[in-house]
């Protein structure tokens, strides 16, 4: 049999992949050998696996994630699945380049500020927004604001001007919520986002009330002002660096499940749960297990499914996200799942609406408590 196969060393030399790399991809079930010698554990590969190994080497060079590499290698010929995976990865690379350009523009402005401190002052940015849409966006993200005193940058909402939009982001590291509001007077050049502290966020929401008019938001250095219907509030937003949210928000999930918000809430409320020591403060938390069967059915389960995909998330966080999205846009929700260790995305049917990400909870192995 060995005479018909390539040794792992031969495959490594012919493909440009190291022997250690080939062992790794075997363990990850991406490129498994045709035969493993039961006596020595030595790996042997079929001649036709050389093409896969060479393709794998090129996919590595462009930084394709492991799950995407696996999807390309197992894609049926002529089905278009492999091309779609590559197209999605190219979009991520292009988005990453756009982010890098934006950050470099901000860095240049910061360098100019440091080199010319007496002549360069923070610009005042005045944004005009629909009051009702700003209120809805605040409602959609407020539940995810952090409260850890050791992480002051998360104790508020990021207001991030982006051309014709104002993006609002909130996270406590275990969940993230995003919403966008159309804006008049958005900056043409990139500007740093402003972390508006929670008390000021709540004061702004109270000022907006049920108004259907316009809200004028002014960001000037560490000063935040808002005017609605002749009333005005003002507060301070200390200069804090907010974590980059773009990587998480550009995930390409393998599974998308649409279902009514009311049905999902009912299933989570009445479904089985598990208690695990994975809460934000290290205490026990109640976890909901969402199981996706191979035929695409989603259910709340008591134990991980033997087949298909199971994602465990904090039950309270899941209900908060469903309620926030349902309040913004009642009706259908879209759940996006990838792997048990990937974030669960929850969106409304309209891609322009707010959405939330929930970090998965690690389930202890059977018979273990941690």
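Tabulated values for the structure
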| item | result |
| --- | --- |
| Net length gained if the chain between residue 83 and residue 332 were fully extended (0.36 nm per residue, minus Cα distance) | 86.7 nm |
| Cβ crowding within 10 Å averaged over residues, with 159-166, 224-231, 208-215 ranked highest first | 159-166, 224-231, 208-215 |
| Computed E for residue 76/residue 40 - FRET, C-beta separation, R0 41 angstrom, nearest 0.05 | 0.75 |
| Rounded to 10°, Cα long-axis angle of helix 198-208 versus longest principal axis of the chain | 60 |
| Values of log10 I(q)/I(0), in the order q = 0.21 Å⁻¹, for the stretch 44-109 under a Debye, Cα-only, solvent-free model | -0.89 |
| Relative pair counts by distance (%), Cα atoms of the stretch 122-236, 5 Å bins | 2, 13, 24, 27, 21, 10, 3, 0 |
| Directionally averaged projected area (convex hull, Cα atoms, the chain), nm² | 24.0 |
| Extended-chain gain in nm, criterion 0.36 nm per residue less alpha-carbon gap, residue 26 and residue 244 | 75.2 nm |
| Angle in degrees between helix 131-141 and the longest Cα principal axis of the chain, rounded to the nearest 10 | 40 |
| Nearest 10 degrees, 0 to 90: helix 49-61 Cα axis against the chain principal axis | 20 |
| Once the Cα gyration tensor of the stretch 22-68 is diagonalised, semi-axes √(5λ) in Å | 22, 12, 7 |
| Alpha carbon Rg of the stretch 251-358, scaled by the compact-globule rule 2.2 N^0.38 Å | 1.01 |
| Under 13 Å from the residue 267 label point (7 Å along Cα→beta-carbon), backbone N, the stretch 308-326 | 309-311 |
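None of the figures in this text is laboratory data; all of them are computed from the coordinates on show. What you see is a predicted model; the values in this text were computed from it and never measured. With ideal geometry, Cβ positions are generated from the backbone for all residues, glycine too; neighbour counts draw on all protein chains shown.
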